[in-house]
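Novice: One structure coming up, written as structure tokens, with questions to follow.
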Amino acid sequence: MFTGIVESMGTVESIARAEPERPAARLTVATRLDLSAVTIGASIAVDGVCLTVVELDPARGRFAADLGPETLMLTTLGNLDPGARVHLERPLRLGDPLGGHLVAGHVDAVGLIVARRENGSALDLEISVPSNVARAIAPKGSIAVDGVSLTINTLADMAGAAIFSVTLIPHTLAVTKLGGKALGAAVNIETDLIAKHVERLVGPYGPYAAQGASAGAAGQTPAVPMSIDVLKRYGVVR
């Protein structure tokens, strides 16, 4: 578990690309982050992706992690090149301050930066994401962009996609790489952990209500109109 508060920047030293006979890639990162308490098998977030440390050299400030097929398919890590900067965060410990929000390091989708606007000393970004991901996004809620905890300003539904906006304050611009992202740049998106679970619980009782019995005929759970009575009936709330 992480908080979305970047502790340090790292630099990609190497990435062993995936091949058909070797579907995983190995990513090696150099950093000034204190790795003395990190052990083989521990977790570390790289650009918002929870990875397992498989090689470690604390004295030289280096660690390596394997990127599995799912990680390569659903995140931006497979496109990194040597010299690229990455956000790093060690796992949250019980009792540590929760300065950002609860972040699992499990990326939901890759978003694209579609607008950049200076806002005084801050920078506003608009990011496009698939519409299915937008169900767990709420204005004034939290979201992790490349592992950085941000507050959502606005959300607009589009055809097959959605666009949300965030503001990067001067401190965020100084300690992360988000301010240097160009239009069209890809970023890892993790929606709010609690919102995802709530959407999973209540989703079957609303989105397909108009389809009625046809949803059941297609092998899906027949939907019913959402109401507090329905939620009580199925034990979602008391």
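Novice: What number of residues in the stretch 167-197 are assigned to a helix (DSSP H, G or I), in contact (Cβ under 8 Å) with a residue 12 or more places away in the chain and either closer than 18 Å to ASN119 by Cβ or among the aliphatic types (A, V, I, L, M) (or both)?
Specialist: 9
Novice: Against the definition (among the hydroxyl-bearing types (Ser, Thr, Tyr), surrounded by 16 or more Cβ atoms within 10 Å (Cβ to Cβ) and over 25 Å from LEU72 (Cα atoms)), how does SER149 come out, yes or no? Before the answer, list the steps.
Specialist: Numbers: among the hydroxyl-bearing types (Ser, Thr, Tyr): yes; surrounded by 16 or more Cβ atoms within 10 Å (Cβ to Cβ): yes; over 25 Å from LEU72 (Cα atoms): no.
No.
Novice: Next up: Can you name every residue in the stretch 24-63 that is farther than 20 Å from THR3 by Cα, of a type in the set (Gly, Ala, Ser) and surrounded by 19 or more Cβ atoms within 10 Å (Cβ to Cβ)?
Specialist: Once the filter is applied, which keeps residues that are farther than 20 Å from THR3 by Cα, of a type in the set (Gly, Ala, Ser) and surrounded by 19 or more Cβ atoms within 10 Å (Cβ to Cβ), the stretch 24-63 yields only ALA25.
Novice: Those residues that are under 16 Å from ASP66 (Cβ atoms) and either modelled with pLDDT under 95 or touching an Asp or Glu at 6+ places or on another chain (Cβ under 6 Å) (or both), I need them from the stretch 40-55; list them, please.
Specialist: If the condition is that a residue be under 16 Å from ASP66 (Cβ atoms) and either modelled with pLDDT under 95 or touching an Asp or Glu at 6+ places or on another chain (Cβ under 6 Å) (or both), then ALA45, ASP47, VAL54 are the ones that fit.
Residues are listed down the side, and each one gets a yes or a no for (1) in a strand (DSSP E or B); (2) closer than 23 Å to SER149 by Cβ; (3) in contact with a strand residue (DSSP E or B) (Cβ under 7 Å, 6 or more places away or on another chain):
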position	(1), (2), (3)
LEU27	yes, yes, yes
ILE40	no, no, yes
ILE44	yes, yes, yes
THR71	no, yes, yes
GLY78	no, no, yes
PRO82	no, no, yes
LEU92	no, yes, yes
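Novice: Look through ALA185, ALA161, ALA136 and report the one residue that is of a type in the set (Gly, Ala, Ser), closer than 28 Å to GLU70 by Cβ and modelled with pLDDT of 95 or more.
Specialist: Being of a type in the set (Gly, Ala, Ser), closer than 28 Å to GLU70 by Cβ and modelled with pLDDT of 95 or more holds for just one of ALA185, ALA161, ALA136, which is ALA185.
Novice: Do we have GLU21 as free of Cβ contacts under 8 Å to residues at least 60 places away in the same chain, loosely packed, with under 12 Cβ neighbours inside 10 Å and not hydrophobic (A, V, I, L, M, F, W, C) here?
Specialist: yes
Novice: Any residue at all in the stretch 8-17 that's farther than 25 Å from ALA144 by Cβ, hydroxyl-bearing (Ser, Thr, Tyr) and at pLDDT 95 or above?
Specialist: Yes.
Novice: Being assigned to a strand (DSSP E or B), in contact with an Asp or Glu (Cβ under 7 Å, 6 or more places away or on another chain), in contact (Cβ under 8 Å) with a residue 12 or more places away in the chain and over 19 Å from LEU98 (Cβ atoms) is the filter here, so list the residues in the stretch 114-163 that pass it.
Specialist: Selection gives VAL114, ALA115, ILE163.
The values are calculated or read from the model by the stated rules, or taken from the named source; none is laboratory data. Note that the structure is predicted; figures quoted are calculated from it, not measured. Every residue, glycine among them, receives a Cβ derived from its backbone with ideal geometry; neighbour counts consider all protein chains shown.
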